[in-house]
Amino acid sequence: MEPKRIREGYLVKRGSMFNTWKPMWVVLLEDGIEFYKKKSDNSPKGMIPLKGSTLTSPCQDFGKRMFVFKITTTKQQDHFFQAAFLEERDAWVRDIKKAIKCIEGGQKFARKSTRRSIRLPETVDLGALYLSMKDTEKGIKELNLEKDKKIFNHCFTGNCVIDWLGSNNSVRNRQEGLMIASSLLGEGYLQPAGELSKNAADGISENPFLDNPDAFYYFPDSGFFCEENSSDDDVILKEEFRGVIIKQGCLLKQGHRRKNWKVRKFVLREDPAYLHYYDPAGGEDPLGAIHLRGCVVTSVESSSDVRKSEEENLFEIITADEVHYFLQAATPKERTEWIKAIQVASRTGK
């Protein structure tokens, strides 16, 4: 019997020879991880055995690269993968850890349908805490804060984080709050904004996280940006990023000139409604943006530019300016989810 497929999707993998980062179609099996150059490839470029392997997450070996995790095999070979966003990384990490544990215990991988209500008092789930902090109603409010003639957009202060942890009954006192906030910062759930908080995170202060009203922080996928003496053109450009992120992930995009298909990381924002796409292998600036206000998005069942298969999962965006974009999702379900999210943004966003 072939090993069971547990999870699959696009991740960015660091090459073992040339140390370049490239998007790969990754398949998690019960006993290993296969990675392919394209989803349609019949044979993998490589395979990582999970027996005896260890997993490190988050992996912060690469500076600005976020949402990276590392798998180290019994032969001490390191394999680095980068997810598109936090929840995606955590989902891969959970399943890989469970697969390794099942191998060690001689068990079959199986997802549990029941939810455990037991919570150990010594255990703090940073991932769950992060999601609570981002809750639009009960979470930490993101503000536009001013300091040193700069405006920090989508930010909050250090003391607001500690206040929230206390009011949420997550900590017993401010000292314990500092410890939790420092852990959130160290694991990449929070990012420092401004010299004061950055210097503290770099080890200049006694604590990596500051319980200060003038120490600024932000969520890594919030659309944070800082304005300083911006020209009118800069302000217009940055208006695209003010919208709240409602969906993100990797899709295949067809080029307008050469008609070739490449994996891109897409970030969907609403109000204003924009779909930005990035090189998933790196780069903070988007390669392009699709203004979604008034657009039309539909499924596409066939295309002469794509190898025909049972699951093409294509869809098309036609903007108000009649520019056509062809995209391809990994599964029919994913295509449906993207189409619905884009339709909502196009109706409600500016």
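The values are calculated or read from the model by the stated rules, or taken from the named source; none is laboratory data. Model, not experiment: these values are computed from the prediction. When we count neighbours, we look across all protein chains shown, and the Cβ atoms used for this are built from the backbone with ideal geometry, even at glycine. The accessibility values were calculated without ligands, DNA or RNA, using every heavy atom of the protein model including side chains. Shrake-Rupley method; radii C 1.70, N 1.55, O 1.52, S 1.80 Å.
Odds and ends about this structure:
- For the pair region 245-284 and region 136-152, the centres of their Cα atoms are 27 angstrom apart.
- Taking the Cα centre of the chain as reference, the dipole from Cβ charges on Lys and Arg (+1) and Asp and Glu (-1) amounts to some 1560 debye.
- Hydrophobic long helices, here whole DSSP H runs in the chain with Kyte-Doolittle means of at least -0.5 and Cα atoms spread over 30 Å or more along the helix axis, are not found.
- Projected onto their three principal axes, the Cα atoms of region 239-348 cover extents of 39, 30, 26 Å, largest first.
- Listed residues Ala320, Ala193, Ala215, most fluctuating in the chain (Gaussian network, C-alpha, under 10 Å): Ala320
- Rounded to the nearest 500, the helix-only mean residue ellipticity at 222 nm of the chain stands at -7000 deg cm²/dmol, with each DSSP H run of n ≥ 4 adding -39,500 (n - 2.57).
- Bins of 10 Å from zero: percent of alpha-carbon pairs in the chain: 5, 21, 29, 27, 15, 3, 0
- Charge-dipole axis of the chain as Lys and Arg at +1 and Asp and Glu at -1 on Cβ define it, positive-most pick from Pro286, Met24, Phe219: Met24
- Taking only the Cα atoms of region 126-227, the radius of gyration and Dmax are 12.5, 37 Å.
- For the residue pairs Lys13/Lys262; Lys4/Lys98; Lys39/Lys108; Lys141/Lys340; Lys97/Lys265; Lys22/Lys253, alpha carbon separations beyond 23 Å are given by Lys39/Lys108; Lys141/Lys340; Lys97/Lys265.
- Fully extended contour minus Cα-Cα distance, from Thr74 to Asp135, at 0.36 nm per residue: 17.9 nm
- When only alpha carbons are used to place a centre, region 330-350 and region 21-94 end up 28 Å from one another.
- The chain - percent of accessible surface contributed by carbon and sulfur, probe 1.4 Å: 48
- Within the listed set Lys39, Lys138, Lys70, the residue fluctuating most in the Gaussian network model of the chain (springs between alpha-carbon atoms under 10 angstrom) is Lys138.
- Accessible area per residue, Å², the chain with all protein chains present, probe 1.4 Å: 57
- Under the Karplus curve 6.51 cos²θ - 1.76 cosθ + 1.60, θ = phi - 60°, whole-Hz ³J(HN,Hα) for region 312-321, x wherever Gly or Pro sits: 7, 6, 8, 8, 10, 10, 10, 6, 4, 8
- GNM result for the chain, Cα springs below 10 Å: residue of Gly52, Gly105, Gly188 fluctuating most strongly: Gly105
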